[in-house]
Structures are given as C-alpha cells and as structure tokens.
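The values are calculated or read from the model by the stated rules, or taken from the named source; none is laboratory data. Just so it is clear, the structure is predicted and the values come from calculations on it, not from any experiment. No Cβ is skipped: glycine too gets one built from the backbone with ideal geometry, and neighbour counts run over all protein chains shown. Remember, those area values only see protein heavy atoms, side chains included, never the ligands or the DNA or RNA. Shrake-Rupley method; radii C 1.70, N 1.55, O 1.52, S 1.80 Å.
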Amino acid sequence: MPKGFFFKPFFFLYRIFFRKSKRFQRSASKGHANQSKSHIHEFDDFTHRCQDFSNQSPIIFNMEEALLKSSSVFPYFMLVAFEAGTLLRALVLFLMYPLTFLVSEKVGLKMMVMVCFFGIKKDSFRVGSSVLPKFFLEDVGLESFEVLQRYGNKKVGVSNLPQVLIETFLKDYLEIDVVIGRELKVFGGYFLGLMEDKKTINLTVLEEHGSDDKLGSSDIIGITSFNQRLDDPIFSSCKDVYRVRSSDKRSWKNLPREKYPNKLIFHDGRLALKPTPLETVAIFMWAPAGFVLAVVRLLIGISLPYCVSSPLLAFTGLRLTVTTPQTTRTLVPNEPLVVQNAKPKGVLYVCNHRTLLDPLYLCFSLGKNLHAVTYSLSKISEILAPIKTVRLTRNRQQDQDMMERLLSQGDVVVCPEGTTCREPYLLRFSPLFSEISDEIIPVAVNTHVSMFHGTTAGGLKSLDPVFFLLNPSPIYTIQLLEKVSSEVSSCADGSTSRFDVANYVQRELGKVLGFECTKLTRRDKYLILAGNEGRAGCTTTA
C-alpha cells in the first residue's frame, strides 16, 4: 500500500475547507471595503458607547449573527424537519448536513430549506409559532438583548431564514417592529422548498418604510457580524455598522426567563432538547432501543400489580419520588402508601396536569386504583388505561352528577386545568371539583424529560404516553399536600364560593411547585398554539 495512503483524504478535505475559508474572507473583505472604515465598529465599542447615541436612532440587526449566541441554524431546520415533517425527513437532513460544508453558505442554506419545506402544506405549518420560539429564546444573548431594549425607537430584525420561522418569535416575544426574512415559494397551497430572491425582498421592504421619518433617517444603526457582507441593501443604508465577533458571542450570557418581554407559557413539539448535530446523533442512536424499552415499560405498567410493577419500572430507569406531609422518599413500594386521616372512600384528589399519566402515577404513589375524570382522552388511551377513566361531558349538571356517583364508589382524581402545561405555570382551575366534595387533597405533580415531551397540542395524543416512556430516564414527582380544611372547602353555608376554593387550591399547588398562577384556560392554550388569535396575556389569580 503506498505510503501516506490514509492521509490523502484528510489533505483533500483540508484543502476544500481552506479554500472555502479564504473565499469567504475575500468576500467579507470586499463588503468591508464598500463602506468607510470610520463607520464600522466592533460590538464591544457599541456596548460601551451606546449611551452616546440617541434613542431616536432606528436599529437594524441580523438575528443569527447579532442576537443569538449560536450562529448555526441546523438545529432549527432539524426541528422543522422533525416536527412538521417525519422522522425520515429529519434523517435525510441529518445525512445531508455534512455536504453543506463542501458548498457555500448560501447553497447550504438552500439545501436545508428544500429538504425541510418541500411538500409541506402552508396552512397547517405551525412550527414557527408553536415550537421554535422556545428554542430561539433560550439562545438569545443577554448583552445583545439589553442593547436592543434600551436603544432604538424602531427595531428591524433581519434574517437569512424563512419569514415563517422567525416572525412570531421576533414580533410576539421580543416585540421587534419590523421583521425581514426570506419568503418561500408556494404552489397549490404547498411549499416548494425554494426561497424568493433576498435582495429584491430587502429593497421592497425598505421602500415600503421609506416614507417613515424614523426608519428613513440618516442615523440608522446596524448590528451584524464580520461574516455579513456590508454591500447588502439593508446595511448599506446604515450610518454606523457595529460588527459582533464570534469570541464575544461565546462569552454572552443566556437571556433569563424573567427578562422575556412576553412570557413563554405554551409551546408544542415532541423534542425536549435542541437538536444540535451531536444531540441528533444521540436521538437516532437511542430511538430504536428506546422504542422497545417504552413498549416494555407500557406492558409492565398496565399488566402487573403496583407492588410488582413499581420496582420493575424503577429498574428500567423510571424515577418516581413521592412526598407526603410527613415524609419524602423515592418510591419503590413493596406495600401501599396510605395517606393519614384519609377516608377509604369519597376522597377527591386534585392535581395539576403535566402529562396523561398523572392519574396513573398517583395510583402508583398510593398503591391503589382511583377513578380518573378526564377532559379529553383518545380511545386507545382509554382502552389501555389500567384504571377506570370517565370523560366529562362539558355539561355542568351532568358532570356534577357523574362525579358524585364516582365518589360514592371510591376515590377520584381530577385535573381541573383541563389540559397540560409544560412550563412552570398553572392554568385556571375549573371550580367544578369544589362543589362535589369537602374531602379534597391537593396533589402537586412535576415531571422532567431529557429527549421527548409526553404531551402535544397538534399531534396524536394517543402517542403521548409512548413518547414520555421513550425517554432514557424520565422523572415524576408527586407531592401530596394536607387535606383542605373544612372551613375552606365547604361551600354549603355560602361563606366560601366555589371560585374561592379553586383559587385556593391553585395557589397552594403553585407555592409548593414554584409555579406562577394564571387565568389562562385550555381554550387559550389551543388558540395560542394554533396561532389564530395571537398571544394571550398572563395575569395572576387573585
């Protein structure tokens, strides 16, 4: 075998990347020369001198290069491929990703857009409004965000990504005035996977706002990176352009949740992690074994007694921690857990709602079967459920009579939020449960997953338990609180209304979990995730 045979492929790849890097540097230098050097500054200069600029100066910034800490857009396209497409589409994108390093950045972007969007129906595309905002917000740099918050009477966000991916995030969550992205071509109501020409769109947007004195002034400030060509029509209109260095972005802090201009309460999608290339490898490697493990866990949970299934499920990686008013321990029960001072029948357990498995995990915690009252449950879930489930009819009188009959037969568990919420918020509690029984025990439920969410608003709800069990080591935490006192729970004398009882239970659960109470409802959640009526406000329950 010739000497150096194994090294030739590495030298070949090195020459390709080296040439691409040199070509990119020449391109950036050419764009740099198109503007006066006195108008180009590093981002550090801008953060120290921003107080010298007038708040009346409009700001134009590049989203990927000047707002997000990571400049890689692959994770966001992987989310589109996985959530809006199929697992096969996500696999094709992953296998194609190394090829994007062998072509220019512009061509690589077009390749990812084609794979992710070709054949996707435009009217049903919701990833940009229901999935991506969460991941974008978690990638925002605190330093850059604070500059945008403090200065500029008008803010224009510019991106090379399609408009449908960034508009909701920038406008609804960061309150950016104008968003300029790439438009996608559509035929017959379906995306073709092709983007309109960028320069044409940018010029059109500038012309539309040219009559605006604020945006059309000569004091426009631009924020971008050294990778951005300054002959772009957007940044060529700026008086000063500040360029962000990659080394500075790596030192940025993440934007804390409490500083979000608008709270992120609802989001959809199955993936619980940001699918970087390495994380994507982990997902594809774990998925086959994880699916088998999920089926085994499901069969154990629905076919064996609690005293047998609980240790076996713990052995497979499922972690369940139970807290009573007296003790805290990790549950691997050999005997039923008995709640002190609880009556053998007629106790109403009121839970917040994290996944469809909440009632079942409460049964594991107590070591006995309960009747579960549900708001909406798929037929498959009802058939597979090892406990009795009863649907509410949404008719107040009928539901009240039905729950009273169930309580006469045994203990009942209800989730008055009516739907799940992934973030640390509690939705408005329906007051129906407060009219049924005075024996109320609040139950605080929390979960942790590492790969997949066990809830969905737009997908198949029958697969929710499977996706939860598909995680390598999902965690459930059950906290049983003290029984609500008769002075609070009794509505018979008229001194306490059913709304007071519902709000009291909500507040007590919020304190234990560290969650914020809201007045949002199940209807609000689906309207927000569907994008029909925009974002709803968040107010604390009185």
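For the range 497-531, which positions are surrounded by 20 or more Cβ atoms within 10 Å (Cβ to Cβ) and in a helix (DSSP H, G or I)?
Hits for the range 497-531 are V501, A502, Y504, V505, Q506, L509, G510, D524, K525, I528.
Select from the range 444-485 the residues that are within 16 Å of L362 (Cβ to Cβ), touching a Phe, Trp or Tyr at 6+ places or on another chain (Cβ under 7 Å) and small (G, A, S) and list them in ascending order.
G454
So S365 fits all but one of (1) touching a residue at least 60 places away in the same chain (Cβ under 8 Å); (2) more than 22 Å from L481 (Cα to Cα); (3) in contact with a strand residue (DSSP E or B) (Cβ under 9 Å, 6 or more places away or on another chain); what number is the exception?
Only one criterion is unmet by S365, namely (2).
Can you name the condition, by its number, that F235 falls short on among (1) open to solvent by 50 Å² or more (accessible area, probe 1.4 Å); (2) more than 28 Å from the chain's Cα centre (by Cα); (3) modelled with pLDDT of 75 or more?
Unmet for F235, out of (1) open to solvent by 50 Å² or more (accessible area, probe 1.4 Å); (2) more than 28 Å from the chain's Cα centre (by Cα); (3) modelled with pLDDT of 75 or more: (1).
I'd like to know if the range 292-306 contains one or more residues that are within 29 Å of S381 (Cα to Cα), out of contact with any Gly (no Cβ under 9 Å at 6 or more places or on another chain), among the aromatic types (F, W, Y) and touching a residue at least 12 places away in the same chain (Cβ under 8 Å).
no
Quick one: which residue in T276, T280, T316 is β-branched (V, I, T) and without any contact (Cβ under 8 Å) to a residue 60 or more places away in the chain?
After applying the criteria, what remains is T316.
Within the range 106-124, restricting attention to residues that are part of a helix (DSSP H, G or I) and in contact with a strand residue (DSSP E or B) (Cβ under 8 Å, 6 or more places away or on another chain), which residue is surrounded by the most Cβ atoms within 10 Å (Cβ to Cβ)?
F117
Take the conditions open to solvent by less than 40 Å² (accessible area, probe 1.4 Å) and either at pLDDT 95 or above or among the aromatic types (F, W, Y) (or both) and apply them to L132. Does it pass?
yes
When the residues of the range 458-478 are narrowed to those that are over 23 Å from A444 (Cβ atoms) and of a type in the set (A, V, I, L, M), which ends up modelled with the lowest pLDDT?
L460
Tally time: how many residues in the range 81-105 are among the hydroxyl-bearing types (S, T, Y) and open to solvent by 70 Å² or more (accessible area, probe 1.4 Å)?
The total comes to 1.
With a cut-off of at least 3 residues that are over 33 Å from the mean Cα position of the chain (by Cα) and surrounded by fewer than 17 Cβ atoms within 10 Å (Cβ to Cβ), name the helices (runs of 4 or more DSSP H) lying wholly within the range 353-441.
396-409
Return the pairs, sorted by first residue and then second, in which the second residue is in a helix (DSSP H, G or I), the first residue lies in the range 156-167 and is open to solvent by 20 Å² or more (accessible area, probe 1.4 Å), the beta carbons are less than 6 Å apart, and the residues are 6+ apart or on different chains.
V164/G128
Is at least one residue of the range 330-353 polar (S, T, N, Q), at pLDDT 90 or above, touching a helix residue (DSSP H, G or I) at 6+ places or on another chain (Cβ under 7 Å) and under 30 Å from T521 (Cβ atoms)?
Yes.
Do the conditions hold for F77, that is, is it of a type outside the set (A, V, I, L, M), touching a Cys at 6+ places or on another chain (Cβ under 6 Å) and modelled with pLDDT of 95 or more?
So F77 passes the test.
Can you name the residue in the range 459-472 that is open to solvent by 50 Å² or more (accessible area, probe 1.4 Å) and of a type outside the set (D, E, K, R) and, of all such residues, is nearest to I380 (Cα to Cα)?
Checked the range 459-472; the qualifying residue nearest to I380 (Cα to Cα) is L463.
Examine the range 92-99 for a residue that is within 24 Å of L527 (Cα to Cα) and within 22 Å of the chain's Cα centre (by Cα), and state whether such a residue exists.
no
Which fully enclosed helices (runs of 4 or more DSSP H) of the range 239-328 have 1 or more residues being open to solvent by less than 40 Å² (accessible area, probe 1.4 Å) and under 18 Å from H448 (Cβ atoms)?
Qualifying helices (runs of 4 or more DSSP H): 277-303, 306-315.
So that you can scan it fast, the table gives a plain yes or no per residue for (1) within 19 Å of P465 (Cα to Cα); (2) modelled with pLDDT of 95 or more:
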| site | (1), (2) |
| --- | --- |
| N262 | no, no |
| K274 | no, yes |
| P277 | no, yes |
| A294 | yes, yes |
| C307 | no, no |
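Search the range 461-483 for residues being aliphatic (A, V, I, L, M) and in contact (Cβ under 8 Å) with a residue 12 or more places away in the chain, and hand back the single one that is farthest from Q506 (Cα to Cα).
Across the range 461-483, the extreme among qualifying residues is L470.
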